[in-house]
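Down below is the structure, laid out as structure tokens.
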Amino acid sequence: MLGEFSKAHEAIRSLDSSIAKIRFEMPSTKTFLGTKEMEDLPTMITADTERIGIRRKTFLVIGINTAFSGRRRRDSIRETWMPQGEKLLRLEQEKGIVVRFMIGHSAISNSILDRAVDLEDAQHKDILRLDHIEGYHELSAKTKDFFATEVTNWDAEFYVKVDDDVHVNLGTLAATLARHRLKSMVYIGCMKSGPVLNRKNVKYHEPEFWKFGDPGNKYFRHATGQIYAISRDLAKYIAINRLILHKYANEDVSLGAWLIGLEVEHIDDRSMCCGTPPECEWKAQAGKVCVASFEWSCSGICKSVQRIKHVHAKCGENAATLWDALL
């Protein structure tokens with residue numbers, strides 16, 4: 001028995017030594033993040049189970065991408081699929097589901113736009129401010145800042161990004177992700193492979209088109225940007241390495257590029273890209289409630305402020321789906 005104990009002890013010492021060697025040989029993230037951020041973020045490989053910093057443990061964190069001009073969109077979501085007030089707090093405490101609108105700052109410090117968002121957040125308490133300068137062409141940078149901020153504040157099993165013109169069924173989303181919670185490196189969404197647009201002055205033009213081969217080529221498979229989910233380890237990877245991850249013109253392509261070289265399981269879930277009524281309505285009636293609904297032609301719900309209530313009425317899940325979910 002003593003001999004077996006000695007062998008086990010030596011094996012543990014050898015494993016600790018190997019882990020230390022791996023950590024030493026990995027590129028130092030302190031060079032890119034700084035000491036303070038390294039103290040706030042967990043590393044991908046640790047020799048013990050002690051977590052650095054104090055973060056709230058939860059199941060799911062959802063960031064709704066929004067802009068300064070999106071107040072009416074935010075209100076339309078508050079009036080439909082996003083709980084408010086005490087229900088939002090209860091959702092976090094009982095179900096471990098955190099939902100926040102995510103928005104950065106204007107280029108002018110303490111501008112009227114920033115003050116308006118601060119007042120809105122004081123009223124609703126549902127906005128997450130990012131250390132990011134807002135701008136349409138900075139969505140890839142905003143995505144990196146979003147994951148870095150959420151990983152710093154919440155230790156979640158999954159992190160979801162969704163646009164503010166998309167309808168979401170929270171209970172169905174949570175149940176869908178729960179089926180993959182034992183996987184450490186998972187990327188879930190509606191996978192696509194669109195054309196690489198090399199002509200200037202067209203929407204979704206890719207200035208670095210030459211990197212993707214000859215004209216007419218398509219992108220690698222990646223989740224469409226309206227809504228997608230990644231697991232904890234992938235969010236940590238992006239947060240830790242965000243300063244050296246390359247940004248392409250399109251945010252969803254950028255995310256796919258950051259993950260394509262990793263041992264990641266890509267899950268193509270078409271319930272995350274249903275059409276608006278009648279499609280999502282038919283599916284709901286057949287017992288196959290959609291995770292998310294939008295229109296490809298508008299990259300979201302067309303005229304979402306006016307129409308999202310109709311989508312919610314026809315395609316929204318039963319309230320019990322969310323509150324009775326076993327997570």
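The values are calculated or read from the model by the stated rules, or taken from the named source; none is laboratory data. Quick caveat: nothing in here was measured; it's all calculated off a predicted structure. With ideal geometry, Cβ positions are generated from the backbone for all residues, glycine too; neighbour counts draw on all protein chains shown. What goes into the accessible areas is simple: the full protein's heavy atoms, side chains included, and nothing from ligands, DNA or RNA. Shrake-Rupley method; radii C 1.70, N 1.55, O 1.52, S 1.80 Å.
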Does any residue in segment 305-327 that is within 17 Å of Ser271 (Cα to Cα) and in a helix (DSSP H, G or I) come within less than 8 Å, Cβ to Cβ, of a residue that is of a type in the set (Lys, Arg) and open to solvent by 50 Å² or more (accessible area, probe 1.4 Å) six or more places away or on a different chain, and which pairs are these? Cys315/Lys283
What pairs come up if the first residue lies in segment 191-212 and is on the phi > 0 side of the Ramachandran plot and open to solvent by 90 Å² or more (accessible area, probe 1.4 Å), the second is polar (S, T, N, Q) and part of a loop (DSSP other than H, G, I, E, B), and their beta carbons are under 8 Å apart, counting only those six or more places apart or on different chains? Tyr204/Asn250
Top-ranked residue of segment 108-157 - restricted to ones that are part of a strand (DSSP E or B) and out of contact with any Lys or Arg (no Cβ under 7 Å at 6 or more places or on another chain), ranked as least open to solvent (accessible area, probe 1.4 Å): Arg129
Of everything in segment 313-327, what is open to solvent by 60 Å² or more (accessible area, probe 1.4 Å) and either in contact with a strand residue (DSSP E or B) (Cβ under 8 Å, 6 or more places away or on another chain) or at pLDDT below 95 (or both)? Give them in sequence order. Asn318, Ala319, Asp324, Leu326, Leu327
Considering residues of segment 83-107 that are among the small types (Gly, Ala, Ser) and closer than 21 Å to Ser69 by Cβ only, the residue surrounded by the most Cβ atoms within 10 Å (Cβ to Cβ): Gly104
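Okay, residues lined up against (1) among the aliphatic types (A, V, I, L, M); (2) in contact with a Cys (Cβ under 7 Å, 6 or more places away or on another chain); (3) farther than 20 Å from Ser231 by Cβ:
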residue: His105; (1), (2), (3): no, no, yes
residue: Ala116; (1), (2), (3): yes, no, yes
residue: Lys125; (1), (2), (3): no, no, yes
residue: Leu130; (1), (2), (3): yes, no, yes
residue: Glu138; (1), (2), (3): no, no, yes
residue: Lys144; (1), (2), (3): no, no, no
residue: Ala175; (1), (2), (3): yes, no, no
residue: Arg179; (1), (2), (3): no, no, no
Any idea which of (1) in a strand (DSSP E or B); (2) without any contact (Cβ under 8 Å) to a residue 24 or more places away in the chain is the one Gly216 doesn't satisfy? (1)
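Okay, residues lined up against (1) modelled with pLDDT under 95; (2) of a type in the set (Phe, Trp, Tyr); (3) assigned to a helix (DSSP H, G or I):
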site: Thr176; (1), (2), (3): no, no, yes
site: Arg181; (1), (2), (3): yes, no, no
site: Ser184; (1), (2), (3): yes, no, no
site: Ile188; (1), (2), (3): no, no, no
site: Met191; (1), (2), (3): no, no, no
site: Arg199; (1), (2), (3): yes, no, no
